[in-house]
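Report on one structure; see the data block that follows.
The values are calculated or read from the model by the stated rules, or taken from the named source; none is laboratory data. All of these numbers come straight from a predicted model, not from anything done at the bench. With ideal geometry, Cβ positions are generated from the backbone for all residues, glycine too; neighbour counts draw on all protein chains shown.
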Amino acid sequence: MNETKARQSVVILISGRGSNMAALIEGSRRAASPYAIAAVLSDRAAAPGLAAARESGIAATALTVRKDADRAAYDRELAAAISEHQPALVVLAGFMRILSAQFVDIFPGRILNIHPALLPKYPGLHTHRRALEAKDSEHGATVHFVTAELDAGPAIIQGRVGVAPNDTETTLAARVQALEHQIYPLAVQWFCEGRLHCADGQAWLDGRPLREAVQYAALPPALS
């Protein structure tokens, strides 16, 4: 059997430079990877990640928002473009549009996102600033399934970093992002290996419901 054909198809959505996209592409190149990147789509024609994806040999297309198009129309167009690739999984990697409930319903339990905070803390924007303003001792990132409610889908895995007294938004963001590049490919790997799924409003890993996100630093060998 051809190993590449046996891999699960993944479509990535981006809005910017796609650093998490690059980490996922790198992960897909491992000989034992259970997934392959079928395409990268962006809502912004100028997104630097599109060129980076093409340089990696991956089909990359901008699906920009027309001035006369409403949200529902764009979501239908985006869903159609994704469906052309028949993906097992849709991965948001810095995709800045909020997806409608109708869009999410087209790919139930098959959309992942990574958020730069320890959800349920700090949904939405400016997470690093908010963590610093709250004088948190730790910060991090969470991979979760996407639902109609913003940043509220079932959590899968979290990575944590300590917050230093002299941290700025920039220094804290850099450490969190480095962690994102480790935990996101792992979650995608679990899903495409058939170990991870979403059911009954909950994430399930290896046949067991996740009562809380798996903590990356505390991963047992069997989960790594």
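So if I check each of Ala52, Ala93, Ala47, Ala39, which one is buried (at least 19 other Cβ atoms within 10 Å of the Cβ) and within 27 Å of Glu138 (Cα to Cα)? Can you show your working first?
Details: Ala52 fails: within 27 Å of Glu138 (Cα to Cα); Ala47 fails: within 27 Å of Glu138 (Cα to Cα); Ala39 fails: within 27 Å of Glu138 (Cα to Cα).
Answer to the check: Ala93.
Tally the residues that are among the basic types (Lys, Arg) and within 22 Å of Arg17 (Cα to Cα), restricting the search to the stretch 63-79.
We begin by selecting, within the stretch 63-79, every residue among the basic types (Lys, Arg); these are 66-67, 71, 76.
If we keep only those that are within 22 Å of Arg17 (Cα to Cα) too, we end up with 66.
Total meeting the criteria: 1.
Step by step: first the residues of the stretch 80-106, then only those that are without any contact (Cβ under 8 Å) to a residue 40 or more places away in the chain and of a type in the set (S, T, N, Q), then the one that is farthest from Asn20 (Cα to Cα). Which residue is that?
This residue is Gln102.
For the stretch 159-204, which positions are at pLDDT 95 or above, farther than 16 Å from Val90 by Cα and among the charged types (D, E, K, R)?
Arg160, Asp167, Glu169, Arg175, Glu180, Arg195
Just for the stretch 4-28: of the residues that are over 29 Å from Thr64 (Cβ atoms) and of a type in the set (Lys, Arg), which one is modelled with the highest pLDDT? Don't jump to the end; show me each part of the working.
Taking the stretch 4-28 first, the residues over 29 Å from Thr64 (Cβ atoms) are 4-7.
Applying the additional criterion that residues be of a type in the set (Lys, Arg) yields 5, 7.
Details: Lys5: 54, Arg7: 97.
By that ranking, first place goes to Arg7.
Hey, can you tell me all the residues within the stretch 152-173 that are more than 17 Å from the chain's Cα centre (by Cα) and either in a helix (DSSP H, G or I) or polar (S, T, N, Q) (or both)?
Asn166, Thr168, Glu169, Thr170, Thr171, Leu172, listed by residue number.
Which numbered condition trips up Pro120, out of (1) exposed (fewer than 13 other Cβ atoms within 10 Å of the Cβ); (2) outside the structural domain of Ile156 (by TED's automatic domain parsing)?
It fails just one condition, (2).
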